[in-house]
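Novice: Here it is, the structure, as structure tokens.
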Amino acid sequence: MSQVVDHLAELTGYRDRDVLDVTLVGALREMLHPRAVAIYRCVGDAGAERWLTRARQRHDEAAASADPLWTELDTLPPASAHPLREQCWRMGQVYAELDAVTTTCFPMSTDREVAGVLEIETDQPLSRESQQLVAGILKVYRNFLGLLDYSERDTLTGLLNRKTFDDAFLRSAAVLAPGSGTPMEGEERRHRSGAQSWLGVIDIDLFKSVNDNYGHLIGDEVLLLLSRLMRGCFRLHDQLYRFGGEEFVVLLRARSDADCGAAFERLRQTVQGYAFPQVGRITVSVGYTRLRAGDSPAGAFERADKAVYHAKQTGRNRVESHQALVDRGVFADDLRESDVELF
């Protein structure tokens, strides 16, 4: 019992979801001594779901491995390639397959959905007691994730909230800073691929008129539906935030200004073409900027926000690049390496 308590204490001691999954896998490995234990998340559009490995560790491995969050979806195995895992995920029930190695899959639920599967490979079928132990630990895991969601996510849209933005921004910008030390393996891979970090600000055009004409309940529905459109337009590893009111922020990786602009243009066109109940058509204005070495969250946000302001001043329903506006001489850029204000 003391071993279980110790592992639960370790599990709930982290606020990083990646570390949380690795800790869960390591704890079950030590308690059950399986051949392997892994957490898989189902990602992708409906009908084309794929398995992303969140954490996986074999009995003879010292550390867990995982797929990078920026992995291209088409390189991941399709959900149908693992029928037992897929059945567990779709039905939300425990399933086991007895063969030379017994595979037992447990659904991993959040308050909104079954988001993934815990898969355990053992020489013998898991005992009833072991299954109850795993189920109990997964309940603690689910409750803890619920607490993290409550503190980190906007209650209306489910997107990340503003108070989580600074830490995520600084992690994205840290690898750009000279003398920041050796980047993690994943960061090295991203730099080799030529990807850079970008920040975009999205603002709903004339949103006040939506609230004035239809009421705040309909306005909230517009915000909720827009957040769903954003999830569909951006990739798994892009970080989506609601900053309050009708203002949203995205942190993403892209190879170039043009690629980044294309991602936001896809969202703009999607929103423009969507029929919002009762309201009809709405549009968004977008401004974006590349993260610089030494950037502060406020400095990068200010550049993107300037681009949004220009988009609204020149007709709305537009996507504007801060750098492109500087190149056209619309406004100057002092090229500060750090936007930290001392006074």
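Novice: Say we look at the stretch 280-321 and pick out the residues that are in contact with a helix residue (DSSP H, G or I) (Cβ under 6 Å, 6 or more places away or on another chain) and in a loop (DSSP other than H, G, I, E, B); which of these is nearest to Glu246 (Cα to Cα)?
Specialist: Among those residues, the one meeting the criterion is Thr283.
Novice: Need at least 3 residues that are over 22 Å from the mean Cα position of the chain (by Cα) and in contact (Cβ under 8 Å) with a residue 12 or more places away in the chain per element, so show me which strands (runs of 3 or more DSSP E) inside the stretch 23-111 make the cut, counting only ones lying wholly within it.
Specialist: The qualifying strands (runs of 3 or more DSSP E) are 102-109.
Novice: Which members of the stretch 228-248 meet the condition of being over 24 Å from Glu72 (Cβ atoms) and surrounded by 15 or more Cβ atoms within 10 Å (Cβ to Cβ)? Step through it out loud before you land on a result.
Specialist: Step one: of the stretch 228-248, the residues over 24 Å from Glu72 (Cβ atoms) are 242-248.
Of everything in the stretch 228-248, those that are over 24 Å from Glu72 (Cβ atoms) and surrounded by 15 or more Cβ atoms within 10 Å (Cβ to Cβ) turn out to be Arg242, Phe243, Glu246, Glu247, Phe248.
Novice: Got a sec? Which of Val4, Val37, Val25, Val43 is over 25 Å from Phe165 (Cα atoms), modelled with pLDDT under 90 and surrounded by 12 or more Cβ atoms within 10 Å (Cβ to Cβ)?
Specialist: From the options Val4, Val37, Val25, Val43, the qualifying one is Val4.
Novice: Among (1) surrounded by 15 or more Cβ atoms within 10 Å (Cβ to Cβ); (2) at pLDDT 80 or above; (3) part of a helix (DSSP H, G or I), there is one condition Ala173 misses while meeting the rest; what is its number?
Specialist: The single condition Ala173 does not satisfy is (2).
Novice: His322 fails exactly one of the following numbered conditions: (1) crowded, with 17+ Cβ neighbours inside 10 Å; (2) closer than 30 Å to Leu217 by Cα; (3) touching a Lys or Arg at 6+ places or on another chain (Cβ under 8 Å). What is the number of that condition?
Specialist: (2)
Novice: When you scan the stretch 233-254, how many residues do you find that are under 24 Å from Ser209 (Cα atoms), in contact (Cβ under 8 Å) with a residue 60 or more places away in the chain and outside any strand (DSSP E or B)?
Specialist: Adding up the residues that qualify gives 0.
Novice: Moving on. Would you mention how many residues in the stretch 309-329 are over 17 Å from Arg266 (Cβ atoms) and under 29 Å from the mean Cα position of the chain (by Cα)?
Specialist: Total meeting the criteria: 7.
Novice: Follow-up. Which residue out of Leu84, Leu52, Leu32, Leu24 is within 22 Å of Gln239 (Cα to Cα), outside the structural domain of Met230 (by TED's automatic domain parsing) and of a type outside the set (S, T, N, Q)?
Specialist: On the way: Leu84 fails: within 22 Å of Gln239 (Cα to Cα); Leu32 fails: within 22 Å of Gln239 (Cα to Cα); Leu24 fails: within 22 Å of Gln239 (Cα to Cα).
Going through Leu84, Leu52, Leu32, Leu24 in turn, the sole match is Leu52.
Novice: Could you tell me whether His191 is modelled with pLDDT under 85 and closer than 28 Å to Ala46 by Cα?
Specialist: no
Novice: Filter the stretch 120-143 down to the residues that are buried (at least 17 other Cβ atoms within 10 Å of the Cβ) and within 22 Å of the chain's Cα centre (by Cα) and list them by number.
Specialist: Correct list: Leu138, Tyr141.
Novice: Oh, and also: Hey, among Val210, Val308, which residue is more than 26 Å from Ser172 (Cα to Cα), crowded, with 21+ Cβ neighbours inside 10 Å and touching a residue at least 24 places away in the same chain (Cβ under 8 Å)?
Specialist: Val210
Novice: Just name the residue that is surrounded by the most Cβ atoms within 10 Å (Cβ to Cβ) out of those in the stretch 255-302 that are more than 23 Å from the chain's Cα centre (by Cα), closer than 30 Å to Val210 by Cα and touching a residue at least 40 places away in the same chain (Cβ under 8 Å).
Specialist: Ile282
The values are calculated or read from the model by the stated rules, or taken from the named source; none is laboratory data. A quick note: this is a predicted structure, and the numbers were derived from the prediction, not measured. Ideal geometry is used to build each Cβ from the backbone, glycine not excepted, and the neighbour counts take in all protein chains shown.
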